[in-house]
Structures are given as structure tokens and as C-alpha cells.
């Protein structure tokens, strides 16, 4: 079938499934008008190819030729969701070493705490080890080694007239440049189903023996960068096989290992150091093809050749773009519409390659390590909800299995603290073990996410009974914890949240904070929804859940404004409380409507937030959150203003990444939040009706009510 026929058929299908217009969107035009083209050696301009469980981030050469030049921007790297390392633990550090006990309404409750320098030595050492392990591994660098005529190796200054384009429709990264007057062209692809990249390199430098492929392997370390090029003795690289067209490298560090299988044709391999090899193409050719397959275990087959991966990538990306949802802003006359569309299209690309694997994504995805590459489960909402809304719900369903995998660890936390059910962690690796923290272990707003995800899947599923059967155990255990966590205030006949509690607005003190509004509303909605699940299954309501939901504390209000918490009456006069996440806005929009929220008070609160908030302290997902709140309270134009607000952490790079600061140069919760807000605003008809926002959409799912 011709591509155009396939696209048309898919669009007709999705238009029938749910859209805002009878004419199908030209998806090829929509996507390709945002192909990325740049000609800069800027360290923030690196680009990635990937498939959701594996990603390869390249520099201006299309490979990873100059990693040091990008370390302070968007770093280069190769990462897979299975790629983790754990340091040796000769002191047998465990969670019991880092417990800190608090008085919680007359009960002694232990928390996994991060101890700092100056405190008890073993507690500090245990905190560092437990927080840093496991950490995600940078699997290595594959780049060009370019030589001048005198045989010396060229640095990045040799790259002249570079032009690099990422073709979103096919997944091709094409890079051309001059080096020493000779043109080099590199075409890079990632396989859609394997942890593999492939490339073709074309240049007259090849027959002159002045272009080689360089493979170098760093060690894994428990640090923000995640790797170290200067510790050759703590890891090993072994060329275990070099036969015919294929070579296999084995990488080992402590008890962890992985493999790189290289399809190299007739190229020779030259060892340059303990962890560096050159792949030398045959001298008579001007084009060299190679493929690199990364595996956790010894590979059972050789990598696919370039042509196969090129075809698979193109087919995979066309399937992605022609199925699921689409939003077209080309009919809008507001001058900001093109930029909003660019952010949406590139966010869809980035979240697919960075966040669509089996594990909840890290905040920097598979590009580089932040917080040791671990998942932050309160951020899973921002990483994953949009997949279901854009009819890619299989991603959310796949990642829901992670909660089942870590169920025993979460149940153990609840038991240790004297609660029922499961207490979901915040910062975790694949095993689900909590990481010591002065903040994360005291958060609770990740807890209702499992109920929200399950309900989102349910309302958009054709087989609702199957969804109920699949997720009721998670919904019920989650709700058991929530009901037992809420404290009954008998004097006022109400249920209280906290202390010990750090709300989503993390600038509030854990020892004294009571009843932050977002958590109150989320508790109320989730417990009512959980009982609705029992009703759907023919079960009686859980009376404990029902009692907490009905008697949850009222939202704290003063002078017609929602407060940050019941214990912060000076919420809008104390600068400490006008910083970090303006999470009070999330009580409507992010969360479905409930009887607890007064839209008039929320409008007043949004006005005050807009006028007084310290925008330098916000984060990327705050802007779509504010947009959803504005839209839900009938302020569509304010919603668009929030989405496109000129604020330090609402910046989107050429690559589409949401830039935060020098430490956090990419931030995928911002991309995911943008996609959630736009999808919700489309389906609920919340774009401005001022004639400037003729937004077309199709194939989007509905939001929980």
C-alpha cells in the first residue's frame, strides 16, 4: 500500500472515532513542517533518536564525536531502560540505617530519611549509598575520529558549514559538514523495536584513511553526570569476538555487565586504550555502514544492517504519526499558534523516544542522568497521562505493570509506618526501593496517581470489565493506604492530612504542614472514584473510604483566596510561600471537578498567583497546570497565556526540550504536561472563542470527570 493511501485510511478512521472537524488533518504536513534543522555547534542543540526504551543522543556530526563539548549543555549519551549499575555494598547498608522517627498524632512513624554531612557517620554513608544506587548507565559513545592530513586528530573546530536535520516522519538524523575541506554526510537511525542504532558515513576522507569510527566506554558512577571517563581501573571492556562481519564487546563493572554487538562489514578494529577502539573502514570505499546493538545478555543474533533499520524506522514513525491523536494549529491567526504547534509536535516525538518504555520515565528520560536516572513517581502523572489522551494508552497500561512489580516494597513501607494498603514511593529505581531524601519520602501526592491512571484507562476502554479486573487490586490497595493515612480530628469531625507531610509545593515545612488543598482534593476524588470501582464490580462501598471522602477537611481559605495549607495563613504575603509549584491551581483542571472547589475563589487565587508568584522558582509542568486551571474556570485566553508565558523554565529549545536551567537542561514533565493540557483543552472546547484559535483536532480521548 502506498504511504498516502495508508495515511488517508488512518485519518478517516480517527476522524470517525472523534474529531473537531469533518476534514481530516494532513498529518504529514503537520509533522514535517516542524522537522528540526540547525547549523550550530551549540551544546544545547544535540538531538536524539530512540524508541522509548532506548535512546542515542548525538552532536552536530550525527554521532557522539565530541562528548566533552556538550557536557554543560544537553549531554551526549546512550541509554537503555535495562542499563543500571549498583556499586558494591561491603558495609551492607539498608533502609533500617536511615530511618528517622516522627511523632504523628501521638504515634511514632519511621521515614526513610537522607542524613547530611555532620550527622552520624553510618547514617550519612548509608544515605549516600542508598540514594545513589542503582544508577542508570551511559552505555558508551560512538563517534567519528577525523584526522588532519598530518595525522593529528581534529577537534570540534574542524567542523565547518554544518547542516543537521531531524526528519520526524522517518526518524532519520541527517548531518552534513566539511572537515579539512572534505564533505562528510552521516545518516543515523534507531530501530523501533531493538536497542540498536545504525548509521551510514559518506566521505572522501574514508579512502584517505582519515575517518574512523571511535567507540569509547566510560565507567558508571553515582553522580549527576552518571559516567566517568577518568577511572579506567574500576571497569573492564573486552573484545570477546571479532569474526567476519560482527564484533562483540563485553562491558563489566562490579556485578553488572552488558554487551555491544557491532555489525562492521569488512572494517578492521584497532584497540586504542583500555576502553577505546577504532573501527577502520576499508580504504577503497567512500561509504561505510555500521550497526550497534546493545543487550543486557550475550547477543543471540547479529545487528540488522542499515537498510533494514532505515526501513523499520520509517515504518514505525509513520505508524506513530498516523495513529492516535493530532492537533493542527495552522488555521489559527494568533501569532503564537505556530510556536505552540511546534512545541506540541516535538513534545510528542520526545516523549515517544524518552518516556514510552516499561518503566516510569526519569525527568531527563534516556538522555542523561538526573537524580541518578531514577523515576520520580509524582512526576509519572506528567510523563504518562498524555499518552492515554492522545490514544497511545498502551504506554500507560504497560507502565502500570511497574506498580504491580513494586507492590511488595510499597506494602512494606505501609506496614513499617503502621498503615494499611500500599504507600507508593517517590524516587525509585527498577526495584521500587525508596531512596533517602529530606523531601521525597514525605510527599503524598503520588499516592492517588494509580487511581487516576486506572480511571483514565477505564473511561476510554472498550472492554471496561477487563480494565476493572486488571487494576482493581491496585486501586483498592492504594485507597486502603489513603484512608488509613488520613487522621480523624474528633473535635471537628473531619479528616486531616499531615503532618508529617511535604506537599507538592515543596517549600512548606514537613513538621507543621496540615491540609494542603491539592492533596485534600485529590484524596477526596480518588476515594470516591475507588468506591465507584467497587460499585462497578457489584461490591458494597468501603465504609472507611466513604467516611474519609465525605469528611475530608475543607480547603483552607483566607480573604477569598485558597491558601497553600491550613498552617500557612500568610500564603500570599510570605515570599517563601509564593515560590516553587503554584500547586493550588491544580485543584481544578489537573483534578476533575469536585464539591470541594469553588471556581470563584480559584479565579481569585489565579489572579493573585499571576501577579505575585516568583516565576524564577517554578518548573516546566507548572505552566500547563495553570493553563488547565484557567481553562476549567472559563478563562480560555489566560490558559493560552500560561501555556506560552515568557518565563525562565517555560523555554523550549530547538530540539523541543523544555529547558529549566544549567543543571536541568531538559525536563520531560514539561513536555508531557503541555500535551495533556492541549488535548484536554481541545476535547473540552477550552481554546479562546475570539476567532484567532481555529484549532483542529482528531483522535483524542476524554479526561476523567
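Throughout, read-outs are computed from the coordinates displayed, never taken from laboratory work. As the structure is a computational prediction, the values presented were derived from the model and not from experiment. Counting neighbours? That spans all protein chains shown, and the Cβs are built from the backbone with ideal geometry, glycine included.
The figures follow:
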read-out: Residue 236 versus residue 543: modelled label distance in nm, points set 7 Å from Cα along the beta carbon direction; value: 6.5
read-out: Linear extension gain, residue 182 paired with residue 617, 0.36 nm per residue minus alpha-carbon span; value: 151.9 nm
read-out: Global geometry of region 421-522, whether rounded, prolate or oblate, following the gyration tensor of its Cα atoms and the 1.5 cut on a/c; value: oblate
read-out: Cα gyration tensor shape for region 666-705, rounded if a/c is under 1.5, else prolate or oblate; value: oblate
read-out: Extension gain (nm, one decimal) between residue 72 and residue 431, 0.36 nm per residue minus Cα-Cα; value: 126.2 nm
read-out: Distant alpha-carbon pairs in region 580-705 (separation over 20 angstrom), percent; value: 43
read-out: Helix-only mean residue ellipticity at 222 nm for the chain, each DSSP H run of n ≥ 4 adding -39500 (n - 2.57), per residue, nearest 500; value: -9500 deg cm²/dmol
read-out: Ascending count of other beta-carbon atoms within 10 Å, so fewest first, for 666, 528, 353; value: 528, 353, 666
read-out: Shape call, region 372-422: gyration tensor on alpha carbons, a/c limit 1.5; value: prolate
read-out: Fewest-first sequence of 330, 46, 219 by Cβ atoms within 10 Å of each Cβ; value: 330, 219, 46
read-out: Residue list for region 457-485, given a label point 7 angstrom along the Cα-to-Cβ vector of residue 407 and an amide N cut-off under 11 Å; value: 470-478
read-out: Pairwise centroid distance, computed over Cα atoms, of region 613-679 with region 159-230, Å; value: 32
read-out: Taking region 638-681 and dividing mean pair separation by its residue count, relative contact order in percent (alpha carbons under 8 Å, at least six apart); value: 23
read-out: Estimated distance in nm for a label pair at residue 37 and residue 116, the labels positioned 7 Å out from Cα along Cα-to-Cβ; value: 5.1
read-out: Dmax and Rg, reported as Rg then Dmax, of the chain (C-alpha, Å); value: 26.1, 88
read-out: Zone residues, region 189-217, relative to residue 278, backbone N less than 19 Å from point 7 Å out along Cα-to-Cβ; value: 201-217
read-out: Within region 313-350: backbone nitrogen closer than 16 Å to the residue 692 label point (7 Å, Cα to C-beta); value: 329-341
read-out: Least to most buried among 469, 128, 493 (fewest other Cβ within 10 Å first); value: 493, 469, 128
